[in-house]
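K.L.:
Take this structure, written in structure tokens, and hold onto it; I'll ask about it next.
The values are calculated or read from the model by the stated rules, or taken from the named source; none is laboratory data. In this text the structure is predicted, and so the values were computed from the model without any measurement. Please note: Cβ atoms are built from the backbone with ideal geometry, for glycine as well, and neighbour counts cover all protein chains shown. Heavy atoms of the whole protein, side chains included, go into the accessibility calculation; ligands, DNA and RNA do not. Shrake-Rupley method; radii C 1.70, N 1.55, O 1.52, S 1.80 Å.
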Amino acid sequence: GTSANFNPLEERLASVILDARLNAMRTLVVLQGGSSQQVAEVTDRLLDTDKLPEIAGFIPLVVDAETIESNPADGETLARRDWKWPGMGEIALIAFNADGEPSKFARLATGDVEAAVGNAALFIKQNAPPVRDAKTLLASAQDDAKRTGRRLWIVCGGTRCGPCRTLARWMDRQHELLDRPEVRQVDEE
């Protein structure tokens with residue numbers, strides 16, 4: 001990818017990890033060994049939320065061989081993290097935990113696409129974040145807002161939406177401001 005050439009892997013990874021943390025998601029790195037049709041098909045099917053709903057709990061970062069070859073610093077990042085580049089016709093999956101640390105690694109051959117997709121799906125299901133109960137979280141937030149005299153700010157957005165991620169990052173940087181007592185109650189006119 002040409003856009004990847006402008007941002008080293010370490011920066012892209014840090015950005016994805018931050019977005020995942022702010023959205024109670026996990027990070028999934030997909031290293032693509034080669035550009036074969038099987039590698040592309042397994043990756044596409046793995047990232048299809050219609051076929052694998054659990055992938056929606058991850059923010060993926062796909063890294064292809066061309067990007068690594070054109071960016072020497074990216075190869076250094078792989079070496080520093082002790083991530084072995086997959087061979088031709090393979091993909092490597094690296095799941096990160098809630099703290100943004102790599103926790104699980106899998107290397108999959110893609111020659112048998114169905115088997116590779118099945119193994120990748122199992123890996124995703126085993127490493128997916130826990131499902132959160134939105135109704136319970138909303139009720140708790142409403143109770144907390146009422147008890148503390150604060151207003152409730154509900155953001156309806158998507159975890160894969162650029163402006164929504166920008167807002168989440170802004171809110172994360174503004175905790176001190178948003179927690180100030182004078183922000184807690186605004187009189188309506």
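K.L.:
For SER103, what residues show an amide H to amide H distance below 5 Å, using hydrogens built from the backbone and excluding near sequence neighbours?
P.N.:
Amide H to amide H, under 5 Å and 5 or more residues apart or across chains, SER103 pairs with ALA95, PHE96, ASN97.
K.L.:
At 1.4 Å probe size, what's the solvent-accessible area of GLU101? Round to the nearest 10 Å².
P.N.:
110
K.L.:
Residue-wise, which Karplus ³J(HN,Hα) couplings in Hz belong to segment 102-110, taking 6.51 cos²θ - 1.76 cosθ + 1.60, θ = phi - 60°, and x for glycine or proline?
P.N.:
Working through the residues one at a time gives x, 10, 9, 9, 9, 10, 10, 6, 10 Hz.
K.L.:
Per the Kirkwood treatment, what hydrodynamic radius in Å, one decimal, follows for segment 23-120 from the mean inverse distance over all distinct Cα pairs? Before the final figure, lay out the partial values.
P.N.:
Numbers: mean 1/r = 0.0728 Å⁻¹.
Hydrodynamic radius (Kirkwood, Cα only) of segment 23-120 equals 13.7 Å.
K.L.:
Which whole number of Å³ per residue matches the convex hull of the alpha-carbon atoms in segment 3-67?
P.N.:
Working: hull volume 5.5 nm³, N = 65.
Roughly 84 Å³ of hull volume per residue.
K.L.:
Here is a further query. Treat every Asp and Glu Cβ in segment 59-189 as -1 and every Lys and Arg Cβ as +1, leave all other atoms uncharged, and give the resulting dipole magnitude about the Cα centre to the nearest 20 debye. Let's see the in-between values first.
P.N.:
On the way: 18 positive and 21 negative charges, 86 e Å.
Roughly 420 debye, rounded to the nearest 20.
K.L.:
Give the cysteines in the chain for which no other Cys Cβ lies under 4.7 Å away, or write none if there are none.
P.N.:
Within the chain, the cysteines lacking a partner Cβ under 4.7 Å are CYS156.
K.L.:
A further question follows. Quick one: which of LYS51/LYS84; LYS51/LYS125; LYS51/LYS135 span more than 22 angstrom between C-alpha atoms?
P.N.:
Details: LYS51/LYS84 28 Å; LYS51/LYS125 12 Å; LYS51/LYS135 25 Å.
Violating the 22 Å Cα-Cα cut-off are LYS51/LYS84; LYS51/LYS135.
K.L.:
Further question on the same structure: From Cα coordinates alone, what are the radius of gyration and Dmax values for segment 54-189 in angstrom?
P.N.:
Rg, Dmax (Cα atoms, Å): 21.0, 67.
K.L.:
Then there is this: Along the charge dipole of the chain, which of TRP170, THR49, GLY75 sits closest to the positive end, that is, farthest toward it, with unit charges on the beta carbon of Lys, Arg, Asp and Glu (+1, +1, -1, -1)?
P.N.:
Most positive-ward Cα: TRP170.
K.L.:
For segment 96-165, what is the convex hull volume of the alpha-carbon atoms per residue, in Å³?
P.N.:
Details: hull volume 10.3 nm³, N = 70.
Per-residue hull volume (Cα only) is 147 Å³.
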